[in-house]
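Notes to accompany the following structure.
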Amino acid sequence: MPYAMCFLLFMIGLYCAVVKKNMVKIVIGLAVMEYAVNLFLIMLGFRVNGAAPIVDKTCYDPATGRVTAGFLNAAVDPLPQALVLTSIVIGLGTLALLISICIRTYEKYGTFDITQIRKLKG
Amino acid sequence: MVIFYVLLVFMLIAAIIAVETDDLLSSVICVGAVGVGGSIMFLFLRAPDIAITQIVVEVLGLIILIRATIARDLTFISGDREFFGLVVSIVIMLVIFLAGVRVLGNLPPFGTPVFSQVPDAASRTYIAEGLQKTGAANIVAAIILDYRGYDTLGEATVLFTSIIGATVMLRSKCRKSLEDRNG
């Protein structure tokens, strides 16, 4: 059920990106889609009553240098977290690039409306 | 578990308002609400690193979006696209919706990750041997900086390239002088 709600969030973003005519609204739709995908990937690694993948003193055996079996069976999946961390930062970079395209287009045509921009071509 | 549903409903409502409102500034603020809801959700999903990164990126993204919308003319753009564009949009959304529904049926139940059932999954190795091999208590840091260090290098490259692109596009002084010289 949380997966379905996450998918609904993705569909709202997709609707905004493909139907709206305002350039900033399209960027907003892409941002909402990105949040939904990141959230979905983190949800895939979630474990009920799990622990964050950070080793503290109680789940570490100093004699052997290994983590305890309890921690191994309680920690959530760290791999999606590492990949989503990368993806979030890249999302900021692409957002900056898209917004700079919007600002430049606005300065040239005086509008954010994509149909107006197409009409003014040439 | 209830907190997840509360936060997801909050995010959905904020996203619907962001999509449907005509005022661009309130739309941008609602995107901020979606991001903050996501950040709190990451905290409850036991991902504190992601929550911290998300809230920082959220604040920066909000500043960038407000920079684009503030002090522009606030003529509300309404109406739909023309017929052909609308048909294409509906077809795209329908295809992605059907694919998503198909995938939703095959997902493992919420709260039981796939790697807990696979005996030699990569994630299991990272958790078991991360501290011993890399010396990092935070397994996520061990992955991004050691096991998958080249991935992080690529991320830095993408970030650098996109910021160069934004700077080149927003820089007006140099471009203007070049245009004057060309006549």
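The values are calculated or read from the model by the stated rules, or taken from the named source; none is laboratory data. Nothing here was measured: the structure is a model prediction, and the numbers come from that model. Positions of Cβ are backbone-derived with ideal geometry, glycine not excepted, and every protein chain shown enters the neighbour counts. Surface accessibility is based on the protein's heavy atoms, side chains included, excluding ligands, DNA and RNA. Shrake-Rupley method; radii C 1.70, N 1.55, O 1.52, S 1.80 Å.
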Requested in this report: List every residue pair whose Cβ atoms sit under 7 Å apart, with the two residues 6 or more apart in sequence or on different chains, where the first one lies in region B:84-96 and is open to solvent by 50 Å² or more (accessible area, probe 1.4 Å) and the second, anywhere, is part of a helix (DSSP H, G or I) and at pLDDT 85 or above.
Outcome: B:ILE92/A:VAL18; B:ILE96/A:LEU14
Report task. Determine if region B:29-48 includes at least one residue that is touching a residue at least 40 places away in the same chain (Cβ under 8 Å), in a helix (DSSP H, G or I), within 30 Å of B:VAL140 (Cα to Cα) and open to solvent by 40 Å² or more (accessible area, probe 1.4 Å). Result -> yes
Query raised in the report: Right, A:ILE26: touching a Lys or Arg at 6+ places or on another chain (Cβ under 7 Å), open to solvent by 20 Å² or more (accessible area, probe 1.4 Å) and in a helix (DSSP H, G or I) or not?
Result: yes
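In region B:15-29, which residues are aliphatic (A, V, I, L, M), more than 15 Å from A:PHE7 (Cα to Cα) and in contact with a Cys (Cβ under 9 Å, 6 or more places away or on another chain)?
Within region B:15-29, B:ILE17, B:ALA18, B:VAL19 qualify.
A quick yes/no check of all residues on (1) touching a residue at least 40 places away in the same chain (Cβ under 8 Å); (2) surrounded by 22 or more Cβ atoms within 10 Å (Cβ to Cβ); (3) not aliphatic (A, V, I, L, M):
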position	(1), (2), (3)
A:LEU30	yes, no, no
A:LEU39	no, yes, no
A:ALA51	no, no, no
A:ASP77	no, yes, yes
A:ILE99	yes, yes, no
A:THR105	yes, no, yes
A:ILE114	yes, no, no
Query raised in the report: Would you pick out the residues in region A:87-104 that are among the hydrophobic types (A, V, I, L, M, F, W, C) and either facing another protein chain (nearest Cβ under 7 Å) or out of contact with any helix residue (DSSP H, G or I) (no Cβ under 6 Å at 6 or more places or on another chain) (or both)?
Result: A:ILE88, A:VAL89, A:ILE90, A:LEU92, A:LEU95, A:ALA96, A:LEU97, A:ILE99, A:ILE101, A:CYS102, A:ILE103
Query - Residues of region B:123-150 satisfying the condition of being surrounded by fewer than 16 Cβ atoms within 10 Å (Cβ to Cβ) and under 25 Å from the mean Cα position of the chain (by Cα) - result: B:LEU145, B:ASP146, B:GLY149, B:TYR150
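What is the residue count in region A:6-24 for residues that are more than 17 Å from B:VAL36 (Cα to Cα), free of Cβ contacts under 8 Å to residues at least 40 places away in the same chain and facing chain B (nearest Cβ under 7 Å)?
Adding up the residues that qualify gives 9.
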Query - Criterion: among the hydroxyl-bearing types (Ser, Thr, Tyr) and under 15 Å from A:ALA74 (Cα atoms) - qualifying residue of B:THR157, B:THR112, B:THR134, B:THR161 - result: B:THR112
